[in-house]
1. Checking the condition touching a Gly at 6+ places or on another chain (Cβ under 7 Å) and either within 14 Å of Ile12 (Cα to Cα) or not small (Gly, Ala, Ser) (or both), which residue from Thr30, Thr63 passes?
2. Considering Ala61, Ala72, Ala85, which residue is of a type outside the set (S, T, N, Q) and either at pLDDT below 90 or more than 12 Å from the chain's Cα centre (by Cα) (or both)?
3. What do you reckon, is Pro34 assigned to a loop (DSSP other than H, G, I, E, B), in contact (Cβ under 8 Å) with a residue 40 or more places away in the chain and not β-branched (Val, Ile, Thr)?
4. Name the one entry in Leu68, Leu50, Leu58 that is surrounded by fewer than 19 Cβ atoms within 10 Å (Cβ to Cβ), within 19 Å of Ile95 (Cβ to Cβ) and touching a residue at least 24 places away in the same chain (Cβ under 8 Å).
5. Assess whether Ala31 counts as being more than 16 Å from Ser89 (Cβ to Cβ) and among the small types (Gly, Ala, Ser).
6. So is Glu49 over 12 Å from the mean Cα position of the chain (by Cα), among the acidic types (Asp, Glu) and not in a helix (DSSP H, G or I) or not?
7. If I filter the range 10-18 for residues that are in contact with a Ser or Thr (Cβ under 7 Å, 6 or more places away or on another chain) and of a type in the set (Ser, Thr, Tyr), do I get at least one hit?
8. Which condition from (1) modelled with pLDDT of 90 or more; (2) not in a helix (DSSP H, G or I) is the one that Lys115 breaks?
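The values are calculated or read from the model by the stated rules, or taken from the named source; none is laboratory data. These numbers come from a predicted model, not from an experiment. Counting neighbours? That spans all protein chains shown, and the Cβs are built from the backbone with ideal geometry, glycine included.
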Amino acid sequence: MQVNEKEQAAEIVRRSGTDISKCMQCGKCTAACPAGYKMDIQPHRVVWELINEHVDVLQKAVTPWKCLSCFACAERCPRGVSPAALIESVRLSIIRQQGENCITVEEIPAYIDEKMPQQAIVAAFRKYNK
């Protein structure tokens, strides 16, 4: 069953549990993001794309795979919007639509650094394993 972008955007927002109508596009979330320089769509722009129901733009971006899910953006937001939760929801929608992951479980050990916290390893398995 095909769903349109309006329905996809509504599902992404619902799943994230954040109210995008509160966003005033101040950019504080983007300023706080430690991975923002690696993203092709900045956190405040992710919210804007969802407000305007441009899901296809988000699904083609590298941003969902670059987000660290550290929630620094949510902490800085004066209105309580969580771009990280939205990005996580976009990532989940991509995985569900494709029926596959961006990387396989077998590839994860190549990314592991001895100084990496264990919760990051567990999070990678949770995000990229079916």
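1. Numbers: Thr63 fails: touching a Gly at 6+ places or on another chain (Cβ under 7 Å).
From the options Thr30, Thr63, the qualifying one is Thr30.
2. The match here is Ala72.
3. no
4. Numbers: Leu50 fails: surrounded by fewer than 19 Cβ atoms within 10 Å (Cβ to Cβ); Leu58 fails: surrounded by fewer than 19 Cβ atoms within 10 Å (Cβ to Cβ).
None of the other options fit; the residue is Leu68.
5. So Ala31 passes the test.
6. So Glu49 fails the test.
7. Within the range 10-18 (the criterion being in contact with a Ser or Thr (Cβ under 7 Å, 6 or more places away or on another chain) and of a type in the set (Ser, Thr, Tyr)), the answer is yes, since at least one residue qualifies.
8. Result: Lys115 passes all but (1).
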